[in-house]
Amino acid sequence: MREAIDIARTASPAGDVPIGAVLLDADGTLVAAAANEREQSHDPTAHAEVLVLRRRAAELGSWHLEGHTLVVTLEPCTMCAGASVLARVDRVVFGAYDPKAGAVASLWDVVRDPRLNHRPQVVGGILAEECGALLKDYFLQWR
């Protein structure tokens, strides 16, 4: 999570919300990292989670990411939760809960819906205060 926090800090100079994600392989080796790039790339889907999944899939030449763990500073939204299911990651680990858009615990539980054919394990609240502080500080600048 510390690596994801460091990555998140790189987003705000570009004007993006400071959310960072890393992807770990089955051995726990960091294999992809990204911060939000929506403002930078003018792409509404350029969330940190989607970017790390895309980068690793491109590197492997396969969208099958079994054995991987997605670590992100903020609870994934519905798009990112769905992408983690579709990529078949084994685990989603997040920092701060997102009561307004969280889709793995707060508002919805997309990833553990029993109707889906793949359900990642979810671990939430890791360094939640530190992850939340990044967002609070960012939004204080804009108010």
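The values are calculated or read from the model by the stated rules, or taken from the named source; none is laboratory data. From a predicted model like this one, the values you see are computed outputs, not experimental measurements. Quick reminder, even Gly has a Cβ in these numbers, built from the backbone with ideal geometry, and neighbours come from all protein chains shown. Note: accessible area is taken over every heavy atom of the protein model, side chains too, but ligands, DNA and RNA are not part of it. Shrake-Rupley method; radii C 1.70, N 1.55, O 1.52, S 1.80 Å.
Does the range 106-113 include one or more residues that are open to solvent by 30 Å² or more (accessible area, probe 1.4 Å) and hydroxyl-bearing (Ser, Thr, Tyr)? Within the range 106-113, one or more residues are open to solvent by 30 Å² or more (accessible area, probe 1.4 Å) and hydroxyl-bearing (Ser, Thr, Tyr). The set of residues in the range 134-143 being surrounded by fewer than 14 Cβ atoms within 10 Å (Cβ to Cβ) and assigned to a helix (DSSP H, G or I) consists of LYS136, ASP137, PHE139, LEU140, GLN141. Restricting attention to the range 1-51, the residues being hydroxyl-bearing (Ser, Thr, Tyr), more than 20 Å from LEU86 (Cα to Cα) and part of a loop (DSSP other than H, G, I, E, B) number 2. Every test in (1) among the charged types (D, E, K, R); (2) farther than 23 Å from ARG54 by Cα; (3) in contact with a Leu (Cβ under 8 Å, 6 or more places away or on another chain) is passed by ARG91 save one, and that test is (2).
When ARG9 is tested against (1) touching a residue at least 40 places away in the same chain (Cβ under 8 Å); (2) crowded, with 18+ Cβ neighbours inside 10 Å, only condition (2) is not met.
Each row is one residue, and each column tells you yes or no for (1) farther than 20 Å from GLY124 by Cα; (2) modelled with pLDDT under 95; (3) surrounded by fewer than 19 Cβ atoms within 10 Å (Cβ to Cβ).
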residue	(1), (2), (3)
ASP43	yes, no, yes
ARG54	yes, no, yes
HIS68	no, no, no
CYS77	no, no, no
GLY82	no, no, yes
ASP98	no, no, no
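Per-residue answers, yes or no, for (1) farther than 18 Å from VAL92 by Cβ; (2) touching a residue at least 40 places away in the same chain (Cβ under 8 Å):
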site: ARG2; (1), (2): no, yes
site: ALA14; (1), (2): yes, no
site: GLU49; (1), (2): no, no
site: GLU59; (1), (2): yes, no
site: GLU66; (1), (2): no, no
site: LEU70; (1), (2): no, yes
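Step by step: first the residues of the range 12-32, then only those that are open to solvent by 10 Å² or more (accessible area, probe 1.4 Å) and within 18 Å of GLN141 (Cβ to Cβ), then the one that is modelled with the lowest pLDDT. Which residue is that? Among those residues, the one meeting the criterion is SER12. Pairs meeting the criteria (first residue in the range 98-118 and under 17 Å from VAL71 (Cα atoms), second residue open to solvent by 50 Å² or more (accessible area, probe 1.4 Å) and among the acidic types (Asp, Glu), beta carbons under 9 Å, at least 6 apart or on different chains) are ALA103/ASP109.
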